[in-house]
Each structure stands twice: as C-alpha cells, then as structure tokens.
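Everything on this sheet refers to the single structure shown next.
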Amino acid sequence: MMKKILITAAYSKDKHLQKNLFEIISEISRLTPDNPITVLLLGHHINHLKEEFIHRGIDRLILAEHPLLENFTCEAYTHVIGEILKEYPADILFFNSDFQGQAIASRLAGRLDVGLAANITALEFDAQGDIHLIRPSFGENKMAKLKFLTHPQIITIQEGTFDVMPLPKKNCEVINFYPKLAAEDFPTKILAIVEDIQKNNQIEDADVLVAGGRGIGHAKGFLLLQELAHLLHGEIAGSRAAVDLNWIPFSKQVGQTGKIVHPSIYIAVGISGAMQHLAGMRKSKTIIAINKNPYAPIFQIADYGIVGEYETIIPQLIQKLKENQ
Ligand SMILES: Cc1cc2nc3c(=O)[nH]c(=O)nc-3n(C[C@H](O)[C@H](O)[C@H](O)COP(=O)(O)OP(=O)(O)OC[C@H]3O[C@@H](n4cnc5c(N)ncnc54)[C@H](O)[C@@H]3O)c2cc1C
C-alpha cells in the first residue's frame, strides 16, 4: 500500500540545508520509488530554496514561512507541523536526529499519542508497504527490528546514515504555507543568539580525525591528540566515554548518539570499538587504531593497528611528522 512520506527540516538564518534531507530522499526513492515524498521546510524568507528541490526526486515542497520561524523554538515549530498535518496528512514522518529534530519529533509524538523510532540505522518496506526499522538496542551487541503499531509513524535519522544517490526528476508541486502565529502564544522567547566559536571546527567536515576514548586516562591527554591532529591538519574527536568524563565536548562525540563522520583518516586512540562508536565512524576511508589491548574490537575494523600505550606511540608519530615537515 502506498505511504505518504513527509520529511521535515528547519531552515533558520545562517543555516545550511541539512545534508541528510537528500540522504533520506535517496534512500526512500531507492526502496519505494512510488511512495509520494513531501519535504516541509520551516523558516523565514525561504522561497529561494525551492530551486534546490524542484528536480530532486520529491513530489511536493511545502514552505512554511513566518518571522517567528526564523529561529528554532520547539513550541512554534511543532505547532506549525501539527497544522500542516491537518491539511496535508502523512503516514511516515522523518526528522533529522539533531537536537532540533529530536525535540520536535518527541513533542509531536506526544501530542499525537503515537510511537517514535529514534536514531534508526536502516529502513525496510515489507510486501504490504509497511515500514520496518533497524537500530542498535539493549546494550552493545543487539540490533532491534521495530514495527510501528500507531499511525502516523515518526522516525529520526542521523546525518550520514545513508548515501546521497542520483535522484529521479519529478514534477514538484510547491505550496507556500503562511501559518498564523503570535509571539504571546508561545512560552519561549529568543533573547539573543550566541555564535558557536567552534563552528569552523566541526568534526563532520574534517578530513582527518584523531579520536580519543577512555583509554586516554585524563583530559590533559587530549593535548597530545590535539598536537597530532594539528600536524595532520585535522580535528580531535572522542568516544562517549571521553565526553561523559568531560574530557571533550559533546559536539565532538562520534557514534550512535553523537556525530556520524566519514573522514579520509580516522585515528582511534584508547577506544575499544563498541558498536555504538563504530556506528559513527565505520564509513571512514582509512581507520588506524592505537590500543594497548591486542584483542580490542576496534582492531577488527581497523586498516592499520598499533598495539601499545598511546603515551609512547603518539609522541613518536608527532616526532616523525615534525621531521618530515
Ligand atoms: C544507547 C547507547 C548509545 C551510545 N552512544 C555512543 C556514542 O554515540 N559514541 C560512543 O563512543 N559510545 C556510545 N555508547 C557507549 C559505548 O557502548 C561504549 O561504552 C563507549 O563507546 C566506550 O568508550 P571507549 O571505547 O572510549 O571506552 P572503553 O570501552 O572503556 O575502552 C577504552 C579502551 O582504551 C584502551 N586503553 C586503555 N589505556 C590505554 C592506553 N594507555 N593506550 C592505549 N589504549 C588504552 C583499552 O584497552 C580499551 O580498549 C553508547 C551506549 C549506549 C547504550
């Protein structure tokens, strides 16, 4: 049975379109080319974006415009999506798995009293056209296959989960939606936007990543990784264990609940290679693992492995790189 798909994205000032919009469109077009796809963009002054979508494999583009949508607030965005669903019902709703998408998806699921599948890593459609979702669950070594019992079905997906493929040309209907919103209807007011001083150091864009885990032992150990990353023109990243220990900020966490990265070189230092970490870096072109435990699972996916204490290995690498500069 045909399913109406709705993929939602926010477009606020200074923000690029989420890359995974086209990743999700690609995957759905590949799996079920006949399901009609609608993309919903929320923001202000977004009419120019329609050019990006007209021939990009979607059937309908809804541009929801309002000054109050210029910057993200969960209440206003969820309210508008709810209004749009009344006019343009959908069976399956996709959101990016960033903090905005997760906030909207969970709030919407609560309002509609339906289920939500978060951070899924694969999709399947069965012969009846029903969607099945795969995601890591129950600790480290199990993949769960999920099926919804409620309707509509709400799903969040991390950027980098699927590849962008050439998309079929379709005639795309463009709808401008002007919601009625008043600032006093929403409890959150944006007082100021503070620029992220690290925005140029995003790990998703780095060609080389030097990632540290619990095996680094202390926050100062990351200075050594930083020096190596600097010599390789790369960035540092970390496992969730390193983030939980406050050795590195969450914005640099790689994995299922962090970022999905695919640099040319990924150097995993003192990282055991848990499934949730691998989910974020397995698409790296070359993986180098440094670990004192020769049986650490990270060596199973590494192209090159160095067994030993990072405190002795990294200074040697730094020394060699400096000699060759
Ligand atoms: C729902 C869920 C989501 C999760 N999401 C994520 C996620 O997004 N990202 C993520 O990373 N994890 C995630 N995790 C956690 C994950 O399961 C692991 O616990 C975590 O990745 C382990 O981090 P680690 O490899 O740094 O630490 P450990 O598993 O403790 O490994 C430390 C490694 O360091 C090595 N080592 C120790 N000392 C040295 C030394 N001196 N030199 C060299 N090697 C040394 C050890 O041999 C060991 O292999 C998630 C877990 C759950 C349940």
Looking only at region 300-316, decide whether some residue is closer than 23 Å to residue 142 by Cα and near the ligand (Cβ under 8 Å from one of its atoms).
no
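Give me a count of the residues in region 131-169 that are outside any strand (DSSP E or B) and either in contact (Cβ under 8 Å) with a residue 24 or more places away in the chain or closer than 19 Å to residue 276 by Cβ (or both).
Taking region 131-169 and keeping what is outside any strand (DSSP E or B), we get 138-141, 148-152, 158-169.
Okay, now just the ones that are also either in contact (Cβ under 8 Å) with a residue 24 or more places away in the chain or closer than 19 Å to residue 276 by Cβ (or both), so 138-141, 148-152, 158-165, 167-169.
Adding up the residues that qualify gives 20.
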Residues (modelled with pLDDT of 95 or more and within 13 Å of the ligand (Cβ to nearest atom)) located in region 282-299
288, 289, 290, 291, 292, 293, 294, 295, 296, 297, 298, 299
Answer yes or no as to whether residue 89 is without any contact (Cβ under 8 Å) to a residue 40 or more places away in the chain, surrounded by fewer than 16 Cβ atoms within 10 Å (Cβ to Cβ), in the same structural domain as residue 21 (by TED's automatic domain parsing) and not β-branched (Val, Ile, Thr).
no
Please enumerate the residues belonging to region 235-246 that are in contact (Cβ under 8 Å) with a residue 12 or more places away in the chain and surrounded by fewer than 23 Cβ atoms within 10 Å (Cβ to Cβ).
240, 241, 243, 245, 246
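Out of curiosity, is residue 323 without any contact (Cβ under 8 Å) to a residue 12 or more places away in the chain and more than 13 Å from the ligand (Cβ to nearest atom)? Let's see the steps before the verdict.
On the way: without any contact (Cβ under 8 Å) to a residue 12 or more places away in the chain: yes; more than 13 Å from the ligand (Cβ to nearest atom): yes.
So residue 323 passes the test.
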Within region 267-298, residues surrounded by 20 or more Cβ atoms within 10 Å (Cβ to Cβ) and part of a helix (DSSP H, G or I) come out as 277, 278, 279, 280, 281, 298
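The values are calculated or read from the model by the stated rules, or taken from the named source; none is laboratory data. For clarity, every value in this text was computed on a predicted model and none was experimentally measured. With ideal geometry, Cβ positions are generated from the backbone for all residues, glycine too; neighbour counts draw on all protein chains shown.
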